[in-house]
1. Could you check the stretch 150-243 for strands (runs of 3 or more DSSP E) lying wholly inside it with 1 or more residues that are of a type in the set (Lys, Arg) and farther than 30 Å from MET1 by Cβ?
2. Within the stretch 154-174, how many residues are surrounded by 14 or more Cβ atoms within 10 Å (Cβ to Cβ) and touching a Lys or Arg at 6+ places or on another chain (Cβ under 7 Å)?
3. Could you identify the single residue in LEU153, LEU134 that is in contact with a helix residue (DSSP H, G or I) (Cβ under 6 Å, 6 or more places away or on another chain), in the same structural domain as ASP73 (by TED's automatic domain parsing) and closer than 25 Å to ALA22 by Cα?
4. Taking the stretch 90-114 only, how many residues are in contact with a Ser or Thr (Cβ under 9 Å, 6 or more places away or on another chain) and of a type outside the set (A, V, I, L, M, F, W, C)?
5. Checking ASN5 against (1) closer than 25 Å to ILE198 by Cβ; (2) in a strand (DSSP E or B): exactly one of these is not met. Which one?
6. List every residue pair whose Cβ atoms lie under 9 Å apart, where the two residues are 6 or more positions apart in sequence or sit on different chains, the first residue falls within the stretch 33-44 and is part of a loop (DSSP other than H, G, I, E, B), and the second residue, located anywhere, is small (Gly, Ala, Ser).
7. Anything in the stretch 191-215 that is under 31 Å from the mean Cα position of the chain (by Cα) and of a type in the set (Lys, Arg)? List them, or say none.
8. Which number in (1) more than 16 Å from the chain's Cα centre (by Cα); (2) more than 16 Å from PHE197 (Cβ to Cβ) marks the one condition that TYR57 misses?
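The values are calculated or read from the model by the stated rules, or taken from the named source; none is laboratory data. Computed from a predicted model, the values in this text were never measured in an experiment. FYI the Cβ positions are ideal-geometry reconstructions off the backbone, even for glycines, and counts take in every protein chain you see.
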Amino acid sequence: MNTWNMVIDIAKCHSCNNCFLACKDEFFADAFPPLSAAQPRHGHRWIDILRRERGQYPKMDVAYLPKPCMHCDEADCIKAAQDGAVYRRDDGIVIIDPQKARGQKAVVESCPYGVIFWNEELDLPQKCTFCAHLLDDGWGQPRCVQACPTGALEFFRVEDSEMQQRVQSEQLQTLHPEYRLEPRVYYKNLHRYDKCFIAGSVASASKDECLEGAKVAIKDRSGKVIGTAVMLYSIFCIQSSAPVRESKARKRPSPVAPMKTSPPAVTMGPPKPGEPTFCFPSGMVSSRPSGISQAISPVAAFTANSLAHGGR
């Protein structure tokens, strides 16, 4: 099936909110029957920008996650709606009929992603339509994608088989796959938002300075290496597979205390063949300077309090 898909790169989003503003500009006070009714001035964010801060000062990372309607293949809102008020088009876009859906507040409550909003004035559930009215007129992308200055949003129409190949090759992920709703919105670098990271510094006991270019291996309590990194600008950073703790707040959770877990063991030296090498969240890559030996001398010291276990 040839369907529309969206790919969102977390690493490229800076929370400029151009996508939100473009959406508001397109839909506020403008109806596009039979696809959508006018969006109210306040209260609706058909594409929202969530923020997550990981770690603690001075080793921190902030990521932003744009969240539109996921346009799921197995959408709960379609099942909750009566009289076909919510339907999925052949191109994969899920539409709430602005006439049939009036009074059906259960549609809002059915969405586990929280991306359907209630219009009190119109007595109507509403959400992102991927700007279906523009696509039907020949546009190749919705307003939010057009307005993104960093290229964080990508939109295209391909066969499902081609999309799955791209998912595998680019390691794309969906938000909350445990819902099993088969969303059409995919994320790149999602670990920047939903996984912890481990950061710290390695210093020389004899020279009292950071060992620039040193290779660091992180091990769990069993001795298994879970990641390696190279010291850049006096810090190393390794992405962890441990998920961050979800806030009870639906949107823009406030910072909470860092994880109370013991830091993993840190060893210094070159990684063994086959071990994964991790880069900084910004994508910076470094090679070992010629002045750094392949194995760090035993005089090198690691300060326990310089390790930050980033997460919630």
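1. So the answer is 195-200, 215-219.
2. Count: 1.
3. LEU153
4. Qualifying residue count for the region: 4.
5. (1)
6. LEU35/ALA132; ALA37/ALA31; ALA38/ALA29; ALA38/ALA31; PRO40/ALA29; ARG41/ALA29
7. ARG192, LYS195, LYS215
8. (2)
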